[in-house]
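Peer 1: Here it is: the structure, laid out below.
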Amino acid sequence: MSHTSEAQPLASDENSGPRRRGEDASILLVLPLAFRRDDDGSLMIESQAANGLMRWAENFDRVTVACVEWPRGQDRGSASWTWRRIDELPCADRIRPVPLPEAFKPLEFAREYRRVRKLLGDLIRDSRYLFFGISYTWGDWAALGCVEALRQKRPYAVWTDLVDYQVIRFAARQKSLPRRLHKQYVQASLVKHYHHYLIKRSGLGLFHGRDCFDAYAPLCRNPFVVHNIHLKPEDAIDPGRLEEKAREVQSGSPLRLGYVGRADPVKGGMDWLDCLKAVVDRGHDVRATWLGDGPILDAMRARAAELGLTDRVSLPGFVSGRGELLEFLRGCHAFLFCHKVPESPRNLIEAMVSGAPIVGYDSPYPRDLLADHDCGLLTPANDVATLAGAISGLDRDRERLASMIRKTAAFAAHYNDEAVFRHRGDLIKQYL
């Protein structure tokens, strides 16, 4: 079992290299993403996912990508999403999109099951490498792809960025008692056992971040930590700008804290506000901004007013451009987070590449990020007082905070889309 996030060198034995079907090295991706159509009927995909397809095409000769297609006229994505036509991507001639039906209810899933399984079976036979991003049960065509690959005795890679059954259990807390019991003891258990079954039989496990890795690695023959990021090498903060920010911190300017992400209970928005209130009550001059929309944004705004933080906390909602998000992070002295469930959010890496040390609740994922880089602080989960103490300590010790800011520069070389997709492609070619 491998517990490293680095790709191993490809074996040189002629029998151990990737076997090809026909003359090309093709890959089938079944992903928990969505297609939609524009007014002309052309398939589109969200812009970050489009960037991912281009990176896949740099590592494989042909890329077949299968995702659910949203019904015409139903735009369910975040208002901040932008979309790109697949046929206009520079590598469009080597990308084959395959729309799949939405079937997230048991009866819908049963109705579509035979047709989609046959389609997946044909795609599996036509592809050299198989990559399945599992996420649920009903309507999870990637999981069904794993089942079909097992029937065909084909090795496959499984990928996930969440410990899904734990997320279901957390979300169940907000439901009525009957629904809470059903989600916690039926849905969550079903997802857990189904995913464990598929991961145990996979040829390669690619787990986004240490939280997922620690949960699933013991089940998998070849588990690896991977990162699902879409930063370009040039997105990293400029060295001059980094030094300017470090000196600003040393000068004693008001502490600027930030967060980028959905205003959702699993992101700990209310803890975030309570932490800031405790920091302010200790006499510290801070300014904080949460960028992102979500189901509890209005409740967070009301809570900020209740706590008397409206002159110190900004909750503007979503921001449409990635450039604007990265510019915001470059201006932050630290990135404050209060994540509630095991997940591996990209925003922590985005913050560090932007020169913002991460400060928040401890879990395996941020702990792994900070293992070789002294550019952040972690405190016990759900302990607002201790987190507030950590922020207060950094505000008092500006030299330490400035040192953390400077050390974030080390992240730029390793955390960009070209590096992480090349790492992923090398692992697939070695182990499948």
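Peer 1: Is it the case that residue 172 is surrounded by 15 or more Cβ atoms within 10 Å (Cβ to Cβ), modelled with pLDDT under 85 and in a helix (DSSP H, G or I)?
Peer 2: Yes, satisfied.
Peer 1: Could you list, in sequence order, the residues of region 296-324 that are part of a helix (DSSP H, G or I) and either within 30 Å of residue 51 (Cα to Cα) or not assigned by TED's automatic domain parsing to the domain that holds residue 254 (or both)?
Peer 2: Hits for region 296-324 are 297, 322, 323, 324.
Peer 1: Hey, any hits in region 285-295 for a residue that's outside any helix (DSSP H, G or I), among the β-branched types (Val, Ile, Thr) and touching a Leu at 6+ places or on another chain (Cβ under 7 Å)?
Peer 2: Taking every residue of region 285-295 in turn, at least one turns out to be outside any helix (DSSP H, G or I), among the β-branched types (Val, Ile, Thr) and touching a Leu at 6+ places or on another chain (Cβ under 7 Å).
Peer 1: If you don't mind, there's one more thing I want to ask. So which helices (runs of 4 or more DSSP H) are wholly in region 325-432 and hold at least 1 residues that are modelled with pLDDT of 90 or more, buried (at least 21 other Cβ atoms within 10 Å of the Cβ) and among the charged types (D, E, K, R)?
Peer 2: Filter on region 325-432 gives 346-353, 384-396, 417-431.
Peer 1: From the residues in region 186-208 that are of a type in the set (Ser, Thr, Tyr) and crowded, with 17+ Cβ neighbours inside 10 Å, which one is nearest to residue 163 (Cα to Cα)?
Peer 2: Ranking the qualifying residues of region 186-208, first place goes to 194.
Peer 1: Restricting region 31-57 to residues that are out of contact with any strand residue (DSSP E or B) (no Cβ under 7 Å at 6 or more places or on another chain) and not in a loop (DSSP other than H, G, I, E, B), which is surrounded by the most Cβ atoms within 10 Å (Cβ to Cβ)?
Peer 2: Checked region 31-57; the qualifying residue surrounded by the most Cβ atoms within 10 Å (Cβ to Cβ) is 52.
The values are calculated or read from the model by the stated rules, or taken from the named source; none is laboratory data. Source: prediction; values computed, not measured. Glycine gets a Cβ as well: all are built from the backbone with ideal geometry, and neighbour counts include every protein chain shown.
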